[in-house]
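The values are calculated or read from the model by the stated rules, or taken from the named source; none is laboratory data. Since the model is a prediction, treat every value here as computed from it, not as a measurement. Here the Cβ positions follow ideal geometry from the backbone for every residue, glycine too, while neighbour counts run over all protein chains shown.
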Amino acid sequence: MTENLPTYALWLMAAMAFLGYCLGSVPFGLILTNLAGAGDLRKIGSGNIGATNVLRTGRKDLAAATLALDAAKGFLAVVIAWIMTPPDFAAPITAVTALAVVFGHCFPIFLGFRGGKGVATGLGALLALSPLTGLVGCAAWLGFAKLTRISSAGAIAAFVIMPVVMLALHDFSFQTSPKPMATLLISLLVLARHHANIGRLLNGTEPRVERKVK
């Protein structure tokens, strides 16, 4: 991904990755619930800082805002990288930035590297990196979540499907573009963050979205 890049492009990649990581590290769910007096999100429900756990506070408005802002930071990071990067190097630099912003959400420096699962941020980043892939992912997430009424089922389905879609758009090769590799790595990260959810899904004990955790 980086072997043919000149030195200044490598420095630009590092700068965009750092920017992406910092944007990803902003915990909008925690900020919004604190500002609204809804409590410390880390001590509510699953303790996760994402929109699904915000919903467990009973504040649908805060959950929707968290979802939108988490997706927006992923999208914005990739768009900034695309704007700042010469066209010849846009693909690898935006791909690395997409991975960095999701990594930042999952392991935020502002919260001692204990963050969310990267679903909304990953969808936003991949929507900017490849609009068709991102749209398919959003449709899969919403469709499976509505069908099962289990948010994690939708997220897992989306991040299983998106690497396949991205590969199909690039002739099922990791050599033609860095985007399929970035998509695969993002998806593996998000799926790894859902390891407990996967276990509960297999056991039939994963809570539905409507269920409040006390």
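Is it true that some residue in the range 177-192 is without any contact (Cβ under 8 Å) to a residue 40 or more places away in the chain and not in a helix (DSSP H, G or I)? There is no residue in the range 177-192 that is without any contact (Cβ under 8 Å) to a residue 40 or more places away in the chain and not in a helix (DSSP H, G or I). Of all residues in the range 108-144, those being in contact (Cβ under 8 Å) with a residue 60 or more places away in the chain and within 13 Å of the chain's Cα centre (by Cα) number 11. Write out, first by first residue and then by second, each pair whose Cβ atoms fall under 6 Å of each other, whose residues are 6+ apart or on separate chains, and whose first residue, in the range 8-24, is under 11 Å from ALA100 (Cα atoms) and among the hydroxyl-bearing types (Ser, Thr, Tyr) while the second is modelled with pLDDT of 95 or more and buried (at least 20 other Cβ atoms within 10 Å of the Cβ). Close Cβ pairs satisfying both conditions: TYR21/ALA100; TYR21/GLY104. Residue selection: GLY104 satisfies the criterion of being crowded, with 21+ Cβ neighbours inside 10 Å and in a helix (DSSP H, G or I). Note on the range 137-164: residues that are surrounded by fewer than 20 Cβ atoms within 10 Å (Cβ to Cβ), among the β-branched types (Val, Ile, Thr) and within 19 Å of GLY118 (Cβ to Cβ) total 3. A single member of LEU19, LEU30, LEU67 is crowded, with 19+ Cβ neighbours inside 10 Å, under 14 Å from LEU111 (Cβ atoms) and at pLDDT 90 or above, and it is LEU30. Checking each residue in the range 1-44 for being of a type in the set (Gly, Ala, Ser), within 30 Å of LEU184 (Cβ to Cβ) and not in a helix (DSSP H, G or I) picks out only SER25.
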